[in-house]
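Reviewing the structure listed below.
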Amino acid sequence: MPTSGLRLPMPYPGDEAVHPSIVHVPSGFGGYEYWLAYTPYTATDPRLENPCIAASHDGTHWVVPTGATNPLCAPPPGTAHNSDPCLSLVDGVLHLFWRESDDASGTSDLVHLRTSPNGTDWSPAVLAHANPGHDWTAPAILADDEGWVMWAVRANTAPDAAASGRALLRRRAPTPTGPWGPVETCTLELPAGQVVWHQSIRRFEGWYVGLFNIQTPGTSRTSDLVIATSSDGLDWGTSSGPLIRRSAPHHDRLYHGDFVVHRRGGALHADVWYSAFRAGHPNTWSISRTRLRRRVWSPVPRSVRTFTGSAGGHLLEVLKKVRRVLVR
């Protein structure tokens, strides 16, 4: 399916946005099947990166739910800014996490949290996670059988930073506000010369599945999106190629994305919402949506099937400790 840009409601002038985070509830929540957190980013202005909420019946056409007011948080004081929302629905409550950071210091990353029983009425913000002594980029947070788990990137504060010290990290906690356990370093298989920058992670049929934004160290202009899977959330295997390929004039640079995986009639399907940068006059950021389509790659055994995105990237599933893609 070809990708399509989304028109999102904006609290500021302009229509550029990044950092999609999706919740899909087929039976409905607050009167809608899809919920989206995102940040405005017109003219690449970090002071606009204040998380917003929108709702949809089809995942493409979005509105601000009646009674909600965007953005859901104000810009922090001084040189700090917000970014990286992560939306999760747990026990009938929406949890909106987001990062506050100060690039000037590189050590002030905080994760805040607001919750809502309906997507309209939101609790006051609380501190969910304090900086562990270094930057804590793009937190991906979910609840599993053991409690709450958070992944983030130690990234040297900037997307153009060198690879030294770049790593995917994980912490666990019994509640969404902690106390958080020790920082663990993940193993993430990436193409040669690539490092991780952003991620969204989900549980699916007992496995962790992640959509990772990767790049060549030293420049964010080479960013791609790859799928990875893990049985324990620490050791990750990655798809053999990018899920969506950078291609001018629409995808000069790919950025943070999120996804929903589901089965229909025994077959696996996936929707992906992702940020992309288009170089031109003017330069613009946008959030687009694409659907993965199933295809049999030949020659391969019948038991091996792949999902392909617009660039032929594989959506992997781990079955019986053998990494393969889903069976027709």
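Observations on the model:
- A simple spin-label model places pseudo-atoms 7 Å from Cα toward Cβ; at T60 and T185 they are separated by 4.5 nm.
- Net charge in the neighbourhood of T284 (other residues with Cβ under 14 Å of its Cβ; Lys, Arg +1, Asp, Glu -1) is -1.
- Neighbourhood charge, 14 Å Cβ-Cβ cut-off, centred on L168 and excluding it, Lys, Arg +1 and Asp, Glu -1: -1
- Percent of alpha-carbon pairs separated by more than 26 Å within segment 1-124: 19
- Across all directions, the shadow cast by the convex hull of segment 209-263 built on its C-alpha atoms averages 4.9 square nanometres.
- Neighbourhood net charge (13 Å Cβ-Cβ; Lys/Arg +1, Asp/Glu -1) for G14: -2
- In terms of its alpha-carbon gyration tensor, segment 106-152 comes out oblate; a/c meets the 1.5 threshold, while b/c is at least as large as a/b.
- Across segment 78-104, no residue has a backbone nitrogen under 17 Å from the label position 7 Å along the beta-carbon direction of A43.
- Normalising the Debye intensity of segment 190-285 to I(0), with uniform scatterers on Cα atoms only, and taking log10 at q = 0.19, 0.23, 0.25 Å⁻¹ returns -0.91, -1.20, -1.33.
- In terms of surrounding Cβ atoms within a 10 Å radius of their Cβ, H198, H61, H269 rank from fewest to most as H61, H269, H198.
Laboratory data are not the source of any read-out in this text; all were calculated from the coordinates shown. A quick note: this is a predicted structure, and the numbers were derived from the prediction, not measured. Don't worry about glycine lacking a Cβ; one is built from the backbone with ideal geometry, like all the others, and counts go over all protein chains shown.
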